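Okay, structure first, notes after.
Readers should treat all values here as calculations from the given coordinates under stated rules, not as data from a laboratory. Quick caveat, the model's predicted, so the values are computed rather than measured. Note: ideal-geometry Cβ built from the backbone for every residue, glycine included; neighbour counts use all protein chains shown.
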Amino acid sequence: MQRFPYARTFILGFGFFGISIIWPLFNSLIPPMLEDLGLSAVVVGFILTWDNIINMFVQPWVGSLSDRTRTRIGRRKPFLVLGAPMAALFFILVPFVRENFILIGTAILCTNIGMALFRTPTVAYLGDLFRPDDRSKANGVINLMGGLGAAVALFGGGALYKLGVPLPFIVGSGVMLLAIGVVLLYVHEPEIEMGGPDQASTPGLLDNIRQVATGPDKNGIYLLAAIFFWFVGWNAMEAFFTIYARNVLEIEVGTGTQMLTAFAATLVLFAIPSGLVATRIGRKPTILIGLSGMIVGLVVGFFIRDSTVLLILLALMGIFWAFININSLPMVYDLGGEESIGAYTGLYYFSSSAAAITGPILGGWLIDLTNHSWLWIFSALFLGLAAFSMTRIRLKGTVQQG
């Protein structure tokens, strides 16, 4: 039996580390700059959805294109070479043009496009480099690296911001480029012939969408629907939790943010164990366990008014979220086939990006109609829809295994 390649996995994890450096800085430092321009909360929120709108269309296309790309440095690396420097350059520009709406808007837009150009090809390495049985374990290691990147960004970025507004943007971009550089230098793509029948026969994006939507096997539709539903539920909770904490629990916004770090911390800690569990019992059962735990936690959270008890509950929910999050993309690869790794990575991000737009909008609408407490039931309902979709998936043979 082949030993699991932990060294290679941690090297690939630098790609996720680099990606995860930028987004926490983006989401925490840019909104105040936009507010300082006198923009309303609605406009600020809309600008912060640009990345998800771009991801819905660019990432599936780039993923499919990378499947069919043949260069001397590989299929995926050209997109890393193009996208990472573009994202870094425009991210660095953000603080220097923050007093002009047109310029900062352009810098934000170009940063989002640059990130979208290389994220899917980077993630697609999970399918390229690991056997199906190893993908859950590999995704656990990779997400651990991503969690470390986010932690470094939040702690280091805050300290650098106090020394000078541009510093976290400059240092964050530099660290991202170094991390992507490690991937470019030390990750070796599987050899595929330049041109030839392999390239010609690789399905394009529309072919894969058509296969998922109209093929006799509906597993792909059910899985992408489940991904959409569970991200709608949790994105709505993330978007409004600090407001809920202030209005219902009567605690400061900063304290509410710190409470969510308990969820994030256990998610990172259980990234690798959740992959090991899926390897033992299969990805579908592991995801269903995670969904069941999240649903119970959300229903219980509806009744809790003590911040300490809620902190413990969020930490427990982070464990169950790891069961879901770590195993969903490897399961997408199981259904997509080896020749369409990039395209199916793009479809995964299409579903999650659509949810990132839909969740906060629907959650906010419900809050306006009722009150902040009903957000817990809203999220539980959508995770319930995700669980129902997962039960509709019928897997055969080795696909059921981790």
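Taking the Cα centre of segment 204-394 as the origin, how large is its charge dipole in debye, to the nearest 20, when only Lys and Arg (+1) and Asp and Glu (-1) carry charge on their Cβ atoms?
420
Apply 1/(1 + (r/R0)^6) to the Cβ-Cβ distance of Leu163 and Trp50, taking R0 = 22 Å, and write down the FRET efficiency to the nearest 0.05.
Approximately 0.20, to the nearest 0.05.
Starting from the Cα gyration tensor of the chain, take the square roots of the eigenvalues, sort them a ≥ b ≥ c, and report rounded, prolate or oblate (rounded when a/c is under 1.5, otherwise prolate if a/b is larger than b/c, else oblate).
Oblate, since a/c reaches 1.5 and b/c is not below a/b.
Can you tell me the dipole magnitude for the chain around its Cα centre, using point charges on the Cβ only (Lys, Arg +1; Asp, Glu -1), in Debye to the nearest 20?
The dipole magnitude comes to about 760 debye.
Taking neighbour Cβ counts within 10 Å as the exposure measure, how do Lys284, Lys162, Lys218, Lys137 sort from fewest upward?
Lys162, Lys218, Lys284, Lys137
Assign one of three labels to segment 204-394, namely rounded, prolate or oblate, based on the Cα gyration tensor with a ≥ b ≥ c the square roots of its eigenvalues; rounded applies when a/c is under 1.5, prolate when it is not and a/b is larger than b/c, and oblate otherwise. Walk me through the numbers before you get to the answer.
Details: a/c = 2.29, a/b = 1.66, b/c = 1.38.
In terms of gyration-tensor shape, prolate.
Can you give the helix-only mean residue ellipticity at 222 nm for the chain, where every DSSP H stretch with n ≥ 4 adds -39500 (n - 2.57) and the sum goes over all residues, rounded to the nearest 500 deg cm²/dmol?
-27000 deg cm²/dmol
Name the residue farthest towards the positive end of the dipole of segment 204-394 from the options Trp374, Ser352, Ser292, assuming +1 on Cβ of Lys and Arg, -1 on Cβ of Asp and Glu, about the Cα centre.
So the residue we want is Ser292.
In which sequence would Ser40, Ser274, Ser28, Ser328 go, from the one with the fewest C-beta neighbours within 10 Å to the one with the most?
Ser40, Ser28, Ser328, Ser274
Using alpha carbon centroids, what distance separates segment 325-391 and segment 88-122, in Å?
26
Using the Karplus curve 6.51 cos²θ - 1.76 cosθ + 1.60 with θ = phi - 60°, what ³J(HN,Hα) values do you get for each residue of segment 353-366, in whole Hz, with x for Gly and Pro?
5, 4, 5, 5, 7, 6, x, x, 5, 5, x, x, 4, 5
Quick check: convex hull over the Cα atoms of segment 119-178, volume per residue in Å³, rounded to an integer?
77
Can you list the HN-Hα couplings for segment 264-280, worked out from phi with the Karplus curve (6.51, -1.76, 1.60; θ = phi - 60°), rounded to whole Hz and with x for Gly and Pro?
Couplings: 5, 5, 6, 4, 5, 4, 9, 4, 5, x, 5, x, 5, 4, 5, 4, 7 Hz.
Could you order peptides 106-112, 388-394 by the average number of other Cβ atoms within 10 Å of their residues, highest first?
106-112, 388-394
Counting other beta carbons within 10 Å of each residue's own, what order do Trp61, Trp374 fall into, fewest first?
Trp374, Trp61
In debye, nearest 20, what is the charge dipole magnitude of segment 1-202 about its Cα centre with +1 on Lys and Arg Cβ and -1 on Asp and Glu Cβ, if you could check?
380
Length gain on complete extension for the stretch Leu395 to Ile312, per 0.36 nm per residue less the alpha carbon to alpha carbon distance?
26.4 nm
Let a ≥ b ≥ c be the square roots of the eigenvalues of the Cα gyration tensor of segment 1-202; is it rounded (a/c under 1.5), or, if not, prolate (a/b larger than b/c) or oblate?
prolate
Go through segment 224-241 residue by residue and turn each phi into a ³J(HN,Hα) via Karplus (6.51, -1.76, 1.60, θ = phi - 60°); whole Hz please, and just put x for glycine and proline.
Result, ordered by residue: 5, 5, 4, 4, 4, 5, 6, 6, 4, x, 7, 5, 5, 5, 4, 5, 10, 5 Hz.
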